[in-house]
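Down below is the structure, laid out as structure tokens.
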Amino acid sequence: MGGDGWPHVAVIFVVLCLVVICLNRPEAGRLADAHPYLIEQRRSLGKISRAEGSSLIAFAAAITGWVGPSVVGLVIGKDSSITIALSGRLDEGAVALLAAVLLFLLPVNWQTRELTMTWERRQESTGGPSCWSVRGSSSGI
């Protein structure tokens with residue numbers, strides 16, 4: 001199979017999805033009033049705020065950094081110089097730390113210098129200092 005196993009993985013993934021859907025059918029489709037209810041709930045949420053958008057950008061950056069080297073390896077081969085360079089530079093802990101730092105840099109309102117995350121808000125968030133120290137130690141700090 002070597003480096004050309006991705007077609008097999010794709011077929012197995014599709015089969016796995018079909019098996020899971022057949023064995024555990026979603027109930028939302030069978031509920032009579034589910035669709036209008038879900039639409040109303042979605043409307044009540046409103047538009048995504050700038051802070052939520054910034055958080056989404058940081059999350060997407062983290063996911064891209066974590067998954068990117070593997071996807072590049074699947075597409076162009078795990079022995080290519082690009083894949084080796086990406087895998088060597090995008091360590092999981094470093095990507096997580098960079099995504100967290102990105103939250104402190106992305107502005108919500110630049111005129112008032114309001115950022116997505118401030119140190120005061122971070123201290124109020126769940127997880128506390130122990131969660132951040134574990135994250136820091138996992139990245140080699």
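Points to keep in mind about this one:
- Filtered by the rule that a residue be open to solvent by 70 Å² or more (accessible area, probe 1.4 Å), within 26 Å of residue 50 (Cβ to Cβ) and touching a residue at least 12 places away in the same chain (Cβ under 8 Å), the range 65-109 gives 66, 98.
- Wholly within the range 18-100, helices (runs of 4 or more DSSP H) carrying at least 1 residues that are closer than 24 Å to residue 4 by Cβ and hydrophobic (A, V, I, L, M, F, W, C): 50-76, 81-89
The values are calculated or read from the model by the stated rules, or taken from the named source; none is laboratory data. Owing to the predicted nature of the structure, the values given are computational and were not obtained by experimental measurement. Please note: Cβ atoms are built from the backbone with ideal geometry, for glycine as well, and neighbour counts cover all protein chains shown. Just so you know, the surface numbers come from the protein's heavy atoms only, side chains and all, with ligands and any DNA or RNA stripped out. Shrake-Rupley method; radii C 1.70, N 1.55, O 1.52, S 1.80 Å.
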